[in-house]
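The structure appears below as structure tokens.
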Amino acid sequence: MDIDLPEVVAEVRAAFERYERALVANDVAELDALFWDDARTLRYGGGENLYGIAAIRAFRAARSPAGLERTLDGTVITTYGRDMAVASTLFRRETAPGRVGRQMQTWMRTPEGWKVVAAHVSVIDDPL
């Protein structure tokens, strides 16, 4: 298996950056478009466990748009072959001083493009 083919890493990085722009802008339609439209898609969040795209969409639609701005640090994208990838990053928000968020996404190439099939977000005390 080819790991980190440069062109595949570039594709996933572009999808990841598209996700990040949509997240901080609270572009719910774009966020929904970036997740795999499937009952097997899941998202573990800071206070919720969401199973299936319907639950993820309901969460996004109900989420407050306030305080979503953040800065990223230590982003790593690793690709496995041409069709699977993991994006991992740390994030900090001015609204949560002393805390650091951790985010991991599993991305899969689909006929419609790269989609998140699993995501995990957690926040801990910032060790820095």
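The values are calculated or read from the model by the stated rules, or taken from the named source; none is laboratory data. Just so it is clear, the model here is predicted, and its values are computed rather than measured. Methodologically, a virtual Cβ is constructed for each residue, glycine included, from the backbone with ideal geometry; neighbour enumeration extends over all protein chains shown. All accessible areas refer to the heavy atoms of the entire protein, side chains included, with ligands and DNA or RNA removed. Shrake-Rupley method; radii C 1.70, N 1.55, O 1.52, S 1.80 Å.
A compact table of results
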| item | result |
| --- | --- |
| Residue in the stretch 37-46 that is exposed (fewer than 14 other Cβ atoms within 10 Å of the Cβ), of a type in the set (A, V, I, L, M) and without any contact (Cβ under 8 Å) to a residue 12 or more places away in the chain present | no |
| In the stretch 1-48, the residues that are over 15 Å from residue 86 (Cβ atoms), assigned to a helix (DSSP H, G or I) and of a type in the set (D, E, K, R) | 7, 17, 18, 20, 21, 30, 32 |
| Selection count, the stretch 13-32, where residues are more than 12 Å from the chain's Cα centre (by Cα), among the hydrophobic types (A, V, I, L, M, F, W, C) and surrounded by 13 or more Cβ atoms within 10 Å (Cβ to Cβ) | 2 |
| Leading residue by the ranking (surrounded by the most Cβ atoms within 10 Å (Cβ to Cβ)) among those in the stretch 92-127 that are of a type outside the set (D, E, K, R) and touching a helix residue (DSSP H, G or I) at 6+ places or on another chain (Cβ under 9 Å) | 107 |
| Pairs, first under 14 Å from residue 107 (Cβ atoms) in the stretch 1-15, second assigned to a helix (DSSP H, G or I) and among the aliphatic types (A, V, I, L, M), C-beta under 7 Å, six or more apart | 15/34 |
| Residue selected from the stretch 68-91 under the condition among the small types (Gly, Ala, Ser) and open to solvent by less than 20 Å² (accessible area, probe 1.4 Å), by the criterion nearest to residue 21 (Cα to Cα) | 87 |
